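Notes to accompany the following structure.
The values are calculated or read from the model by the stated rules, or taken from the named source; none is laboratory data. Keep in mind that this is a model prediction, so the values were computed, not measured. Cβ sites come from the backbone with ideal geometry, for glycine too, and all protein chains shown count toward neighbours.
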Amino acid sequence: MKKIISGSIMPAAAFLLLIVQPVICFAGYVNESGFNNSVSTAQLLDPFFSYGVDPMIEIDAAGNPADYSVSVMGLGFDNTYDYYSFSVGTGGNDLALNTWVVFDIDLAQVTGLDSFLTLYGTDGTTVLASNNNSLFNGPGDFLPVTTNSFFSHAFDTAGLYYIQVGQNNGGSSAPISAFSSYRLNISSVPVPSSLFLMFFGVLGFLGFKRKTRV
Ligand SMILES: [Ca+2]
Ligand SMILES: [Ca+2]
Ligand SMILES: [Ca+2]
């Protein structure tokens with residue numbers, strides 16, 4: 001009985017995370033379709049992007065949060081790659097050209113998956129970027145040394161792009177065989193710089209007022 005229970009902890013944890021994630025997730029989220037094993041059947045994420053800050057979705061090692069994102073709750077173990085597509089600069093969502101778009105895998109490691117991310121161009125074959133392990137332990141990674149993936153990319157051509165979630169196999173990507181779940185976050189901070197300037201301008205004005213009041 002004891003053996004049965006311990007043997008079922010990892011699958012149970014994976015399923016529990018898959019169920020609980022949407023509840024703890026404040027960003028737009030969607031579950032993996034399960035029929036996304038190739039570029040031609042990639043799951044389109046455009047409709048699920050939303051504005052808002054989620055404590056799990058950081059844009060850098062300092063933990064600064066994104067304010068526009070989508071989260072996919074994915075499940076491993078069927079020995080396939082998972083492909084997702086998303087638009088940049090087309091109006092399909094608000095991801096903009098020449099702005100950092102962040103790709104962040106969370107939770108995978110704690111459920112048994114050593115993730116590997118590969119970003120493909122609009123042709124579905126040209127590799128634009130890839131990442132095995134993040135250089136830092138961000139929100140959602142949970143372990144001091146993470147094998148979860150994390151990288152940023154700025155796009156200069158409008159179109160539909162593809163991201164592949166795979167499993168690390170000696171430094172390259174392989175189909176996901178681990179019984180596991182993962183959360184893939186795609187995010188950015190698309191606030192126009194003029195708004196940032198206005199925000200800091202208001203802060204500066206308030207600071208000035210406070211100083212003059214004292
Ligand atoms: Ca992560
Ligand atoms: Ca990895
Ligand atoms: Ca994260």
Candidates V127, V145, V102, V110 - the one that is more than 19 Å from T41 (Cα to Cα), surrounded by fewer than 17 Cβ atoms within 10 Å (Cβ to Cβ) and of a type in the set (V, I, T): V145
Would you confirm whether or not the range 78-90 contains a residue that is farther than 23 Å from A61 by Cα and within 16 Å of ligand 2 (Cβ to nearest atom)? yes
Hits in the range 33-61 - residues which are over 15 Å from G140 (Cβ atoms), modelled with pLDDT of 95 or more and part of a loop (DSSP other than H, G, I, E, B): N36, N37, S38, A42, L45, F49
Every residue from the range 62-81 that is at pLDDT below 95 and of a type in the set (F, W, Y): F77
Which count do you get for residues in the range 152-181 that are within 15 Å of ligand 1 (Cβ to nearest atom) and touching a Leu at 6+ places or on another chain (Cβ under 7 Å)? 4
Which one of these is assigned to a strand (DSSP E or B) and within 16 Å of ligand 1 (Cβ to nearest atom): V110, V101? V101
Right, G140: at pLDDT 95 or above and surrounded by fewer than 20 Cβ atoms within 10 Å (Cβ to Cβ) or not? no
Note on Y68: of the conditions (1) crowded, with 18+ Cβ neighbours inside 10 Å; (2) over 13 Å from the mean Cα position of the chain (by Cα); (3) over 16 Å from I163 (Cβ atoms); (4) aromatic (F, W, Y), unmet is (2)
Specify which of the listed residues (N148, N137) is assigned to a loop (DSSP other than H, G, I, E, B), within 11 Å of ligand 1 (Cβ to nearest atom) and more than 13 Å from I59 (Cα to Cα). N148
Qualifying residue in the range 98-109 (condition: more than 21 Å from G28 (Cα to Cα) and either modelled with pLDDT under 95 or not polar (S, T, N, Q) (or both)): no
In the range 120-134, which residues are closer than 19 Å to V39 by Cβ and within 9 Å of ligand 1 (Cβ to nearest atom)? none
